[in-house]
Amino acid sequence: MNNLSSKWIKVSEPFPHILLVELARSPVNAISTEFWKAYGALFDAISEETPDVRAVVLSSAFPDIFSAGLDLLEAGEIAKATADADPESTDAARIALDFKKQIKPFQEAITAPERCLFPVIAAVHGMVVGLGVDIISACDIRYAASNTRFTIKEIDIGLAADMGTLAYLPKITGNMSFIREMAYTTQWFPASKAEQIGLVSKVVEGGKKEVDAAALELAQLIVRKSPIAVTGTKRLLSHARDHSVAENLEYTSLWNSAMLQTKYRPRPNGQNGSKSLSLSLMYYMLSLLGILSMQLDLSMFWRAYGALFDSISESRPDIRAVVISSAFQDIFSAGFDLYNAGQIVKGRTEANPASDAARISMTFQKQIEMIQEAIMAPERCTFPVIAAIHGINIGLGVDIVSACDIRYAASDSRFTLKQVDIGMAADMGTLAYLPRVMGNLSFVREMAYTAEWFSASRAEQMGLVSKVVEGGREEVVASALELAKVIATKSPIAVTGTKRLLSHGRDHSVAESLQFTTWWNAIMLQTKDFLKRPGSSFLPARPGDFKFGKPKL
């Protein structure tokens, strides 16, 4: 890979299909114009000229610093030259256009990793200053050595960060208050804090050597997966980050309608193939409080699952909350029935050997959208749906819980986004929801690319679940039902409105959400529930006496 190396960037291939890219502009990796142009060109060249590359690890050649950020000496000279190019010109608009012409290609170079078909893993160590944060923010996954320190430094030189930091951080991390604090003050923060807020998904004890090794080990896991599945997962996660859940699900169905025609096939004797779970959907009602608890197996009954939620919404106006769990002690869901899925794929492609790819894609798209519609059923409900998770939760099981309002997990719970192991990108909601419900997009990408297992405690740390209950099925179901009882004492008008407004706020801008909220409450504040207990927000909570029934929407 010497032909990819340049004056200030070293490229090597430590393992098959994996490149190690090291920034090496002495002494501190200050980013000059020549440097960023070479950086962007490198990633474009890797994408275009090396189709066998499946993962890239980005690091620094220097042990004590990742990057000192923008080369301020050169930047000052460029700014002065731009302003002085026409001494007679005092037209701010023309000067601004000149600056824009320089900023845009700079942004395109720094965000080049996002355009790559393969994942880019940042192995960060030492100091990461200003533009260095922009660079790693555009990577898929970020690991940090324990000696790493970060600062968003741009405000100290009189400008707002303009190369990606302020665009990415609100979407890839889980603490906007902290991001604003660091951006406004330029204070340094350590690797442990970066992990806590979601900027990095793992802190590796040590320095450059250790974090590079950990990132390369992760890359080796990724390259064992189907490149079609990994590329699809990357594209769908990036799309989900920037679009609504509904838009992403539509995009996903179109993407997978083509990609499921790959020659890779699920193995009939794999997960779910040798033995299918066979419990029918069952439920019982606690009529006094209007709480429904469901126990289900998801491997064969997605149609019944969706129909059940629609039925509850239409025929049981007294229901105010639903708890969803599994009847089995050791497993929540083994995911999709892979044997049947393999037969469906085979049947769709072999039903008419003369059929073209477009027609096969349309058939797949219809099938995908039907399942999406069922899995998304909890979102359509006017009442909250609480997932009480325990034991093993695989693939489609994660899609199911992602569409629920609230997620509790027993301490014995384990999760895996398994789809990439069967040669596909998850297409039933996981990739649409997780960038929104979890506060660490680096971790989401890592799990989606590798299909690695993660624990209940990790799920809580990353925001997938809001509570871990010590124990197993009985304990987590009991805890979820206690929560449902609390919800059931509240005004159903207020709870329904809160659910709708939170879902709208998730998928729209603040301004759009505020406008929607204005219209919603202009109608809903006419309810007799409003101020039924004046001043009760300052008093100890007591059961509500609101009438049963859901609003007609």
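Computed from the coordinates by the stated procedures, all read-outs in this text should not be read as laboratory data. Remember, it's a predicted structure, so these values are computed and weren't measured experimentally. Heads up, the Cβs are rebuilt from the backbone with ideal geometry, glycines too, and the neighbour counts pull from every protein chain shown.
Worth pointing out:
- Over 19 Å between alpha carbons, listed pairs Lys202/Lys225; Lys7/Lys37; Lys225/Lys418; Lys37/Lys100; Lys104/Lys171; Lys7/Lys153: Lys202/Lys225; Lys104/Lys171; Lys7/Lys153
- Simple label model, 7 Å out from Cα along Cβ direction - Arg303 to His243, nm: 2.8 nm
- Close amide-amide hydrogen proximity is noted between Arg142 and Ala122, Ser201, each under 5 Å apart and 5 or more residues distant or on a separate chain (H modeled in the peptide plane; Pro and chain starts excluded).
- Summing charges over neighbours of Gln196, with a neighbour being any other residue whose Cβ is under 15 Å away from its Cβ, gives +2 when K and R count +1 and D and E count -1.
- Fewest-first ordering of Arg359, Arg320 by other beta carbons within 10 Å of each residue's beta carbon gives Arg359, Arg320.
- Neighbour-count ranking [beta-carbon atoms within 10 angstrom, fewest first] of Phe364, Phe454: Phe454, Phe364
- Pairwise label distance in nanometres, Ile155 with Thr185, each label 7 Å out on the Cα-Cβ vector: 0.9 nm
- 10 Å binning of all Cα-Cα separations within segment 2-223, expressed as whole percents from 0 upward: 8, 34, 36, 16, 5, 1
- Taking amide H positions as modeled 1.01 Å from N, with prolines and chain starts lacking one, no residue 5 or more places away or on another chain lies under 5 Å from Phe301.
- Stretchable slack from Gln102 to Glu74, in nm (0.36 nm times residue separation minus alpha-carbon distance): 8.7 nm
- Put the Cα centre of segment 422-459 next to the Cα centre of segment 230-253 and the gap is 13 Å.
- Note on Asn521 and Lys467: with the Förster distance fixed at 22 Å, the Cβ-Cβ geometry gives a FRET efficiency of about 0.15.
- On full extension, the segment bounded by Ala357 and Arg94 gains 89.7 nm, given 0.36 nm per residue less the C-alpha separation.
- Pairwise FRET efficiency - Met370 versus Ser315, Cβ, R0 = 22 Å, nearest 0.05: 0.50
- Ranking of Lys209, Lys7, Lys234 by count of other Cβ atoms within 10 Å, fewest first: Lys7, Lys209, Lys234
- Inter-site label distance for Thr498 and Ala511 at 7 Å from Cα along Cβ, in nm: 2.9 nm
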